[in-house]
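Colleague: This is the structure, below, for whatever I ask next.
The values are calculated or read from the model by the stated rules, or taken from the named source; none is laboratory data. Here the structure is a predicted model, which means the values were calculated and not measured. Here the Cβ positions follow ideal geometry from the backbone for every residue, glycine too, while neighbour counts run over all protein chains shown.
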Amino acid sequence: MRKRSGFGWSIRPSVRRAQVRENVMRPLLLIGVGLMVGRLCAQVAPSPENPPSRQAPLPASGSAFESAPQPSSKQIHIFLVARTASRGNSATPLPSLAQADCKVTVDGNPQRVTGLTPSSNLPVTVGLLLDTSLDQQRVLPMEQQAAAAFLRGVLRPGDEAFVISFDVTVDLLADLTANQTTLRTALESARINSPSGHYANGTLPPLGRPKGALLFDALYLASHEEMFHQDGRKVLIVLTEGRDDGSGNKLRQALDAAQQANTIVYVLFISDPGIYGILDESGSAAMRKLAEATGGRFFHIGKDGRKLQAAFVEIEKELRAQYEISFVAPGAPSGPGYHDLKIVCSQDSKAVPVQAQHRYHASSR
């Protein structure tokens, strides 16, 4: 059963940082309270009414039952895309990968692969993040049209999507839904916003380049508040020039949140000189790192509508060709926290390019 997020939030600078701090501090406070209670309970001496419980004797030295605690094991599931060899990321997804073709290492240690199955029929949750800062003014209509067409084509029964816009605020325009009308209306409602107001009405912008694209906050919130609560396949598609101005979160925190939510990020890099006549692509390196580290892809679009449509077609093809690889992570690789991950596949002694996340997050549960 798919879980509902039910947030319907709109994060503005005055409350955004407070919410992010609350999300971080609440679990720390709960942990601290738990530790204090545990210490108090441990200090209470047994009373005549409550005598200490009898414990089973320890096995004698040399007993067959004497051993160190056995390391726990966890079944880990990762989604990947394999491609035909020799043509890299432009190659066609490979439809015939087998379990014996792939090897997995975690933190440098080989793991036992227990399964490799096509996952194209599994439900998928799609999040669309639209950069609505001033620099996107001339390309936003193109993005809205292409994104709506993508959702119409990619969503199947059981799939859901949500829409977020980000500029000087981060706004949830449509929470999780399968309703195409709701999603299209949300996309159409996205408007250019800046610290000095809305410039799509013909008013002149101020001198200098106004800031206002809470990109990292949008990524963090989409992953932590929406994707983290969902099961199965999860994909974020970010249409942006990659420049962040004013977020409380950094790139590392946005990446951590995506990997903790086991979410793949695709970046459609939209760059347009716009009214300033300045082409700023300084954010491309960070966006490429984000996409590759989560098992997604980086597409350089510029302001070319045909490239944008082609990128959406590529993403849909990959969603139809994903595999789910499973492996048993015993001992330390199953412990809570982040673990480095490497998946290597080959067929007929030839390497098969694999697109998968570079690390995974194991929960303490």
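Here is a yes/no grid of residues against (1) under 23 Å from the mean Cα position of the chain (by Cα); (2) within 20 Å of Arg233 (Cα to Cα); (3) modelled with pLDDT of 50 or more:
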residue	(1), (2), (3)
Gln43	no, no, no
Asn50	no, no, no
Ala56	no, no, no
Ala60	no, no, no
Ser63	no, no, no
Ala68	no, no, no
Ser86	no, no, yes
Asp107	yes, no, yes
Pro110	no, no, yes
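Colleague: Just wondering, is there one or more residues in the range 219-235 that are at pLDDT below 95 and part of a loop (DSSP other than H, G, I, E, B)?
Modeller: Yes: the range 219-235 contains one or more residues that are at pLDDT below 95 and part of a loop (DSSP other than H, G, I, E, B).
Colleague: Here's a follow-up. Among the residues of the range 168-179 satisfying the criterion of being under 19 Å from Ser247 (Cα atoms) and either at pLDDT below 95 or surrounded by fewer than 20 Cβ atoms within 10 Å (Cβ to Cβ) (or both), which is nearest to the chain's Cα centre (by Cα)?
Modeller: Filtering first and then ranking leaves Thr169.
Colleague: Right, something else. From Leu129, Leu94, Leu80, which residue is under 23 Å from Tyr360 (Cβ atoms), crowded, with 18+ Cβ neighbours inside 10 Å and not assigned by TED's automatic domain parsing to the domain that holds His339?
Modeller: Every option except Leu129 fails the conditions.
Colleague: Could you tell me whether the range 330-340 includes any residue that is surrounded by 17 or more Cβ atoms within 10 Å (Cβ to Cβ) and more than 18 Å from Thr114 (Cα to Cα)? Can you show your working first?
Modeller: Taking the range 330-340 and keeping what is surrounded by 17 or more Cβ atoms within 10 Å (Cβ to Cβ), we get 333-334, 339.
Next, from what is left, pick out any that are more than 18 Å from Thr114 (Cα to Cα): 339.
Checked against the condition, which is being surrounded by 17 or more Cβ atoms within 10 Å (Cβ to Cβ) and more than 18 Å from Thr114 (Cα to Cα), the range 330-340 yields at least one hit.
Colleague: Sort out which residues of the range 227-256 are among the β-branched types (Val, Ile, Thr) and either within 17 Å of Glu143 (Cα to Cα) or touching a His at 6+ places or on another chain (Cβ under 8 Å) (or both), and write them in order of number.
Modeller: The answer is Ile237, Val238, Thr240.
Colleague: Any idea how many residues of the range 257-281 are at pLDDT 80 or above, more than 30 Å from Glu324 (Cβ to Cβ) and in a loop (DSSP other than H, G, I, E, B)?
Modeller: So the count comes out to 2.
Colleague: Which number in (1) in contact with a strand residue (DSSP E or B) (Cβ under 6 Å, 6 or more places away or on another chain); (2) part of a helix (DSSP H, G or I); (3) closer than 29 Å to Ser96 by Cβ marks the one condition that Ser326 misses?
Modeller: Of (1) in contact with a strand residue (DSSP E or B) (Cβ under 6 Å, 6 or more places away or on another chain); (2) part of a helix (DSSP H, G or I); (3) closer than 29 Å to Ser96 by Cβ, only one is false for Ser326: (2).
Colleague: Being under 18 Å from His77 (Cβ atoms), at pLDDT below 95, touching a Phe, Trp or Tyr at 6+ places or on another chain (Cβ under 9 Å) and buried (at least 18 other Cβ atoms within 10 Å of the Cβ): is that true of Leu134 here?
Modeller: Considered against the rule, which asks whether it is under 18 Å from His77 (Cβ atoms), at pLDDT below 95, touching a Phe, Trp or Tyr at 6+ places or on another chain (Cβ under 9 Å) and buried (at least 18 other Cβ atoms within 10 Å of the Cβ), Leu134 comes out as no.
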